[in-house]
Amino acid sequence: MTQIAFLLFPGLTQLDLTGPAQFLSRMPGAKMDLVWKDRQPVMTDAGFAIVPTATFDEVRSADVLCIPGGLGVSEVMEDDAAMAWVRAIGGQAAWVTSVCTGSLVLGAAGLLEGYRATTHWAWHHHLAMFGARPERARTVTDRNRVTGGGVTAGIDFALTLIAAISGETVARTLQLAFEYDPQPPFAGGTPEKAGAEILAAHDSVVSGIMPHREAALVSASARLGYLARG
């Protein structure tokens, strides 16, 4: 059995969790938990809630730790109970993983120092604040750290992880079963493809909904002593 533990927290981007979870749940021998402080529904940044399946006290170990991203990442980094659980599980898990800005949580927990990692393009350069080695890719694997890029890269991440755990045949069979054959209507999923006008529109929206994230990242890095080293 492969025990998979996702951190479920207020303000997460649900697709960061539900995309990989849909694939990972079909991996042979997988047992999955969505973990938070209690079992009350947790509101996502999409405006609907997801119900935890277990609490921090109930999940003391896991084979796979996965941290999704989302608007609530800043608050998680300042939540002592959540970060203590991430450190404890990540310190012994066979696979320590994340999707999108969940990698910033791993970094703030001290779990990415010296590892190559990726995250959403808009926050990619901040990985270095936690001793990680930023690498632009949909999925980055460095030893037992597997990190996915922004949101939709979570499915690529899941297939990469499944192949590593259960083999490529299992991963490719699941890819076929879910008809994962992306053909987006626009060539605009990266800053390079989107163009200056769309990039400016994006930045305007983000600055309005996440005004305090930069400060939270600096604070988290300082707590770990990385800024002092720099």
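For Ile89, the conditions (1) more than 16 Å from Thr2 (Cβ to Cβ); (2) modelled with pLDDT of 95 or more; (3) within 17 Å of the chain's Cα centre (by Cα) all hold with the exception of (1).
Put simply, of Val140, Val151 the only residue that is in contact with a Ser or Thr (Cβ under 9 Å, 6 or more places away or on another chain), β-branched (Val, Ile, Thr) and either assigned to a loop (DSSP other than H, G, I, E, B) or free of Cβ contacts under 8 Å to residues at least 24 places away in the same chain (or both) is Val151. In region 27-57, what residues are among the charged types (D, E, K, R) and either within 27 Å of Phe178 (Cβ to Cβ) or touching a residue at least 24 places away in the same chain (Cβ under 8 Å) (or both)? Answer for region 27-57, where residues must be among the charged types (D, E, K, R) and either within 27 Å of Phe178 (Cβ to Cβ) or touching a residue at least 24 places away in the same chain (Cβ under 8 Å) (or both): Lys31, Asp33, Lys37, Asp45. Can you name the residue in region 200-214 that is of a type in the set (Val, Ile, Thr) and surrounded by fewer than 13 Cβ atoms within 10 Å (Cβ to Cβ) and, of all such residues, is farthest from the chain's Cα centre (by Cα)? If we take residues in region 200-214 being of a type in the set (Val, Ile, Thr) and surrounded by fewer than 13 Cβ atoms within 10 Å (Cβ to Cβ), then Val205 is farthest from the chain's Cα centre (by Cα).
The set of residues in region 168-199 being under 19 Å from Thr13 (Cβ atoms) and loosely packed, with under 10 Cβ neighbours inside 10 Å consists of Pro182, Pro184. Residues in region 35-93 that are among the polar types (S, T, N, Q), out of contact with any Ser or Thr (no Cβ under 8 Å at 6 or more places or on another chain) and in a loop (DSSP other than H, G, I, E, B) were compared, and the one that is nearest to Gly150 (Cα to Cα) is Thr53.
Set side by side, the residues Arg213, Arg138, Arg172 differ, and just one is closer than 30 Å to Asp79 by Cα, among the basic types (Lys, Arg) and at pLDDT 90 or above, which is Arg138. The residue that is surrounded by the most Cβ atoms within 10 Å (Cβ to Cβ), counting only those in region 105-123 that are outside any loop (DSSP other than H, G, I, E, B) and modelled with pLDDT of 95 or more, is Gly107.
The values are calculated or read from the model by the stated rules, or taken from the named source; none is laboratory data. In this text, all values refer to a predicted model and were calculated from it rather than measured experimentally. Neighbour counts run over all protein chains shown; Cβ positions are idealised from the backbone, glycine included.
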